[in-house]
Amino acid sequence: MLRILAYHRVAELRDTPTVDSRSVSATPAVFTRQMQHLARHYHVVGMPQLLNGIEYGAPLPKRAVLITFDDAYADFAEIAWPILKQFGLPATMFVPTAYPDHPELAFCWDKLYQAFAATSRTEFRGTPFGQLPLGSAEEKRRALRIVQNYVSNIPDDEAMGIVDSVCTQLVESQAYSGSVLSWEQLRQLAKEGLTLGSHTRTHPIMTQVTPNRMRQEIRGSQEDLKRESGTVPPVFCYPNGNHNDTVVSIARDEGIRLAFTTLSGENKSESLDLLRLRRVVITPRTSIAVFYARLLRMGANFDAWRHGNSKENPIAARSRHQASVV
């Protein structure tokens, strides 16, 4: 069984003024203990080793684990990467390639987070949300989640229009800021051993775009990585884990060998679907004891049963791995 871990950010929850704290997977202290456990009891493999095993049939070591990070948040370089290097553990970073070197670009969930945090309004009235009270911090958080979850479940063009409209109504002339590693930082990390993989260009939910847009996002992100880093492995991560037969087929046509979801459960050699690889999504609720358990076969089976997902639904991934953190 290949175990694949999915992280987003390693940070203290209090240190997230412009980035939605639901993107935090673990605090530095907890992440250190998790990596220490992996170094002691598992064989952490890198993406090149996994690809070599797929290409040439080379067996992976027993208790193999692959560590992945999504979205290329900037604090990876100063927090998560030094911890990984401390224990000599390889990792893969999936990069949404339109964002590096564009600090003015923020992910839509972070843009909404910044707008709700900055607004002085005490209520929000707007179709299709009706009246949302904003008088307290808790009411702001509740309203934010309603909007975030709604836009995750509609066509991407419509979703981005609603995000822009909501932000404009909440705060006039707001300057939004992203928090993604620059290409220079990514190149330096790659020199130090981090594998860079594609995560589309603009991070749309792939089940909410046209087949032509799916192909553009996959091909464009591969081309961006090749241009900026000099090399690109044939791997791809579906934003939020969302996928369907169409995007899987297009990924195959574009030469993708391994594609990563947020489906739970085992990656068993006898039934391995290389374009629907399952991952253990780590959240702040993943205590050390739970972390230990989720790496076991029994834990993987329990995760799959608990989430009940043979294919990821449109909002399950982000709502699961970012649930109730703020």
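The values are calculated or read from the model by the stated rules, or taken from the named source; none is laboratory data. Just so it is clear, the structure is predicted and the values come from calculations on it, not from any experiment. In this analysis, Cβ positions are derived from the backbone assuming ideal geometry, glycine residues included, and neighbour counts consider all displayed protein chains.
Within the stretch 104-130, how many residues turn out to be in contact with an Asp or Glu (Cβ under 6 Å, 6 or more places away or on another chain) and either more than 11 Å from Thr18 (Cβ to Cβ) or part of a strand (DSSP E or B) (or both)?
Taking the stretch 104-130 as the starting set, the residues that turn out to be in contact with an Asp or Glu (Cβ under 6 Å, 6 or more places away or on another chain) are 109-110, 113.
Subset that is either more than 11 Å from Thr18 (Cβ to Cβ) or part of a strand (DSSP E or B) (or both): 109.
Count: 1.
Under the condition of being within 16 Å of Trp109 (Cα to Cα) and out of contact with any Pro (no Cβ under 8 Å at 6 or more places or on another chain), which residue from the stretch 11-42 is surrounded by the fewest Cβ atoms within 10 Å (Cβ to Cβ)?
Within the stretch 11-42, the match that is surrounded by the fewest Cβ atoms within 10 Å (Cβ to Cβ) is Pro17.
Pairs under 8 Å by beta carbon, first residue in the same structural domain as Tyr238 (by TED's automatic domain parsing) and under 22 Å from Thr246 (Cα atoms) in the stretch 263-277, partner among the polar types (S, T, N, Q) and modelled with pLDDT under 75, six or more apart or different chains?
Once the first residue is in the same structural domain as Tyr238 (by TED's automatic domain parsing) and under 22 Å from Thr246 (Cα atoms) and sits in the stretch 263-277, its partners that are among the polar types (S, T, N, Q) and modelled with pLDDT under 75 give Leu263/Asn309; Leu263/Ser310; Ser264/Asn309.
Which numbered condition in (1) within 16 Å of the chain's Cα centre (by Cα); (2) closer than 22 Å to Thr286 by Cα is the only one that Ala106 fails?
Only one criterion in (1) within 16 Å of the chain's Cα centre (by Cα); (2) closer than 22 Å to Thr286 by Cα is unmet by Ala106, namely (2).
Identify all residues within the stretch 1-41 that are over 19 Å from Leu258 (Cβ atoms) and in a strand (DSSP E or B); write none if there are none.
Matches in the stretch 1-41: Arg9, Val10, Val24, Ser25, Ala26.
Report, by residue number, each residue of the stretch 156-210 that is of a type in the set (Ser, Thr, Tyr), in a loop (DSSP other than H, G, I, E, B) and in contact (Cβ under 8 Å) with a residue 24 or more places away in the chain.
Within the stretch 156-210, Tyr176, Ser177, Ser179, Ser182, Thr200, Thr202 qualify.
For residues that are touching a Phe, Trp or Tyr at 6+ places or on another chain (Cβ under 6 Å) and more than 17 Å from Ala91 (Cβ to Cβ), tally how many sit in the stretch 7-62.
Residues in the stretch 7-62 being touching a Phe, Trp or Tyr at 6+ places or on another chain (Cβ under 6 Å) and more than 17 Å from Ala91 (Cβ to Cβ): 1 in total.
So Val44 ticks every box in (1) more than 30 Å from Phe116 (Cβ to Cβ); (2) part of a helix (DSSP H, G or I); (3) free of Cβ contacts under 8 Å to residues at least 60 places away in the same chain but one. Which box is left unticked?
(2)
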